[in-house]
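The values are calculated or read from the model by the stated rules, or taken from the named source; none is laboratory data. Everything quoted here is computed from the prediction, not taken from an experiment. Ideal geometry is used to build each Cβ from the backbone, glycine not excepted, and the neighbour counts take in all protein chains shown.
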Amino acid sequence: MRARTGDMRDTRVGTYVDRRGNVREVRIELLDPAIIRALRKMTPEQRIESCLRHSVFLRRQARTFLEGLHPDWTVEQVNAELSQRSHGRRTR
C-alpha cells in the first residue's frame with residue numbers, strides 16, 4: 001500500500017502474471033469517501049440493485065462501442081467479443 005505523490009490517496013499496488021507469462025502491474029484505487037458514505041446509507045438490497053443497474057449500463061455501453069467500432073460485425077461476433085472481454089474466453 002502506498003500513496004501517490006500529490007493527492008495522498010491510499011492505493012493498493014501489486015503484480016500478477018497473465019496467461020502468456022507477462023508480469024503486469026495492477027493498481028486498485030479505493031473509493032472516494034463521499035461514495036462510501038452514500039453506500040453506507042443504502043440497505044443491502046439497494047446496493048445490489050444499484051450494482052445491477054450499473055452492470056446493465058456498462059454492458060450496453062460496451063455493446064454500443066463495439067457496434068460503432070465494427071459496424072460490419074454480426075450480432076454473434078459482437079456477442080463473442082463481449083463474452084471474451086467479460087469472461088476471458090470466447091463462446092462457441
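Ala62 meets all of the listed conditions (1) assigned to a strand (DSSP E or B); (2) under 23 Å from Glu81 (Cβ atoms) but one, namely (1).
Can you tell me which residue within the stretch 28-52, out of those that are among the aliphatic types (A, V, I, L, M) and in a helix (DSSP H, G or I), is surrounded by the fewest Cβ atoms within 10 Å (Cβ to Cβ)? Here the answer is Ala34.
Residues being surrounded by fewer than 10 Cβ atoms within 10 Å (Cβ to Cβ) and at pLDDT 95 or above are represented in the stretch 76-92 by at least one member.
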